[in-house]
Amino acid sequence: MIFRQFNIRVATNRDIPSIKNVVFLCLKEFGLNPDLNGKDSDLNDIECSYLLNNGFFAVVVHSETNLVVGCFGLFPVNEHICELRKMYLLKEQRGKGLGKYILDIAVQQAREKHYKKIVLETISVLTTAIFLYKRYGFKEMKPREINARVDQAFELDIHP
């Protein structure tokens, strides 16, 4: 199985430079700008933003090179809802089914943390990701706000 080439582990603040590299490369690839004082400020302290208060953040590490090639997080919205954030894979790792595998892990983590729903916001240019979310069962909903990085939102009920 292809996924033996990758390890997924909980991120720490030591991973921040590698995480920012993955996120910002992916954003730039799609013509989107990083925003360290706004939409991406959660990346300045992964442990505080995600790991405290029942959140989760993981990195996808290539087992041969030990390089971070992807990431994803669950940000607590309230005790019943978490938001899937920063789910990115470097271009050379896409198209292998790894996105669905990551999404499976994210949903499993959300269930273990007793969330009932996962929400996410995205933008239209991320067509492959949107296709994955829809195929996975996410339903379209109205975004909280429309901006340069958000024009669509989705939710997935995960309670048993």
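Would you list Tyr101, Tyr50 from fewest to most Cβ contacts within 10 Å?
Result, fewest neighbours first: Tyr101, Tyr50.
Hey, in the GNM for the chain with a 10 angstrom Cα cutoff, which one of Cys71, Cys48, Cys82 fluctuates hardest?
Cys48
Cross-link partners among lysines for Lys20, C-alpha distance below 17 Å, same-chain residues fewer than 8 apart left out?
Leaving aside lysines fewer than 8 places away in the same chain, those within reach of Lys20 are Lys28, Lys39, Lys86, Lys91.
Taking 1 over the mean of 1/r across every pair of different Cα atoms in the chain, what Kirkwood radius in Å do you get?
Over the chain, the inverse of the mean reciprocal pair distance is 15.8 Å.
The numbers here are math on the coordinates, done by the rules we state, and not lab data. Quick caveat: nothing in here was measured; it's all calculated off a predicted structure. Neighbour counts run over all protein chains shown; Cβ positions are idealised from the backbone, glycine included.
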